[in-house]
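Nothing in this text is a laboratory measurement; each read-out follows from the coordinates by a stated rule. It should be emphasised that the depicted structure is a prediction, and the values quoted were computed from it without experimental measurement. Because the Cβ atoms are built from the backbone with ideal geometry, glycine has one as well, and the counts that use them run over all protein chains shown.
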Amino acid sequence: MEDGLARLQAMVEEEMRRTYSEAAIDHAMNPRNMGRLKDADGWARYTGPCGDTMEIWIRTSSDEIEEARFFTDGCGTSMASGSMVTELATGKSIDEALEIGQEDVLDALGGLPEENEHCALLAATTLKLAIGDYLSRLREPWKKDYDRR
Ligand code: FES
């Protein structure tokens, strides 16, 4: 029985390696920066056309993203994409982080199968919205006082 399970697991892992890059598997299995960020300066929740949702929180310092965290209820590749987009954003200026797009996430993950490419778009879009939230709070700082997230 245990031999059968071990063989089955090996087959699943082999199939996964044929489909996904090492980086994508690593970020899906060991996601970085996952979980809510308390006292964030920017936050967004976005649901993509596939129905999966991602949230991203950012903390800034001197117009730079000091910390970025995410959560998703989506698939493994959305997990990998959220992990990678928060890694890419950390340490970037706001302007640089706004430039991060779907292709950057895909490149950093070593690509994704075509049917999963939208997961990278979900992550890049959520990051942009979180930065947009940060920028709108700069204009209307009192909003943070009413934040119930
Ligand atoms: Fe929807 Fe991956 S399938 S984000």
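Along the positive direction of the dipole of segment 1-143 (beta-carbon charges: Lys, Arg +1; Asp, Glu -1; about the Cα centre), which of 5, 90, 106 reaches farthest?
It is 90.
List the residues whose amide H sits under 5 Å from the amide H of residue 34, counting only those 5 or more places along or on another chain, with H placed 1.01 Å from N in the peptide plane.
Correct list: 70.
What is the dipole size for segment 97-148, taken about its Cα centre, with +1 at each Lys and Arg Cβ and -1 at each Asp and Glu Cβ, in debye to the nearest 20?
Approximately 540 debye in magnitude.
Quick one: order 25, 131 by neighbouring beta-carbon count within 10 Å, fewest to most.
Ascending Cβ contact count within 10 Å gives the list 25, 131.
Taking Cα centroids, how far is segment 1-40 from segment 62-83 in Å?
Segment 1-40 and segment 62-83 have Cα centres separated by 17 Å.
Please check: in the Gaussian network model of the chain (C-alpha springs, under 10 Å), which one of 31, 49, 113 has the largest mean-square fluctuation.
Highest fluctuation among the options: 49.
Kirkwood Rh over Cα pairs of segment 11-73 into Stokes-Einstein at 4 °C, 1.567 mPa s: D in µm²/s?
After rounding, the answer is 95 µm²/s.
Using a Gaussian network model of the chain with C-alpha springs under 10 Å, which one of 86, 19, 60 is most mobile by mean-square fluctuation?
Highest fluctuation among the options: 19.
Within segment 14-52, find all residues whose amide N lies under 17 Å from a label point positioned 7 Å from the Cα of residue 140 along Cα-to-beta-carbon.
The answer is 41-45, whose backbone nitrogens lie closer than 17 Å to the label point.
Looking at the chain only, what percent of DSSP beta bridges run antiparallel? Nearest 5 please.
Among the beta bridges of the chain, antiparallel pairing accounts for roughly 95 percent.
Return the calculated 222 nm mean residue ellipticity for the chain, to the nearest 500 deg cm²/dmol, obtained by summing -39500 (n - 2.57) across DSSP H runs with n ≥ 4 and dividing by the residue count.
On the way: 6 runs with 75 residues, N = 149.
Mean residue ellipticity, 222 nm, calculated: -16000 deg cm²/dmol.
Can you give the translational diffusion coefficient of segment 24-149 in µm²/s, computed by Stokes-Einstein from the Kirkwood radius over Cα pairs at 10 °C and 1.306 mPa s?
Stokes-Einstein gives a translational diffusion coefficient of 112 µm²/s.
In whole Å, what are the extents of segment 68-108 along the principal axes defined by its C-alpha atoms, from largest to smallest?
29, 20, 12
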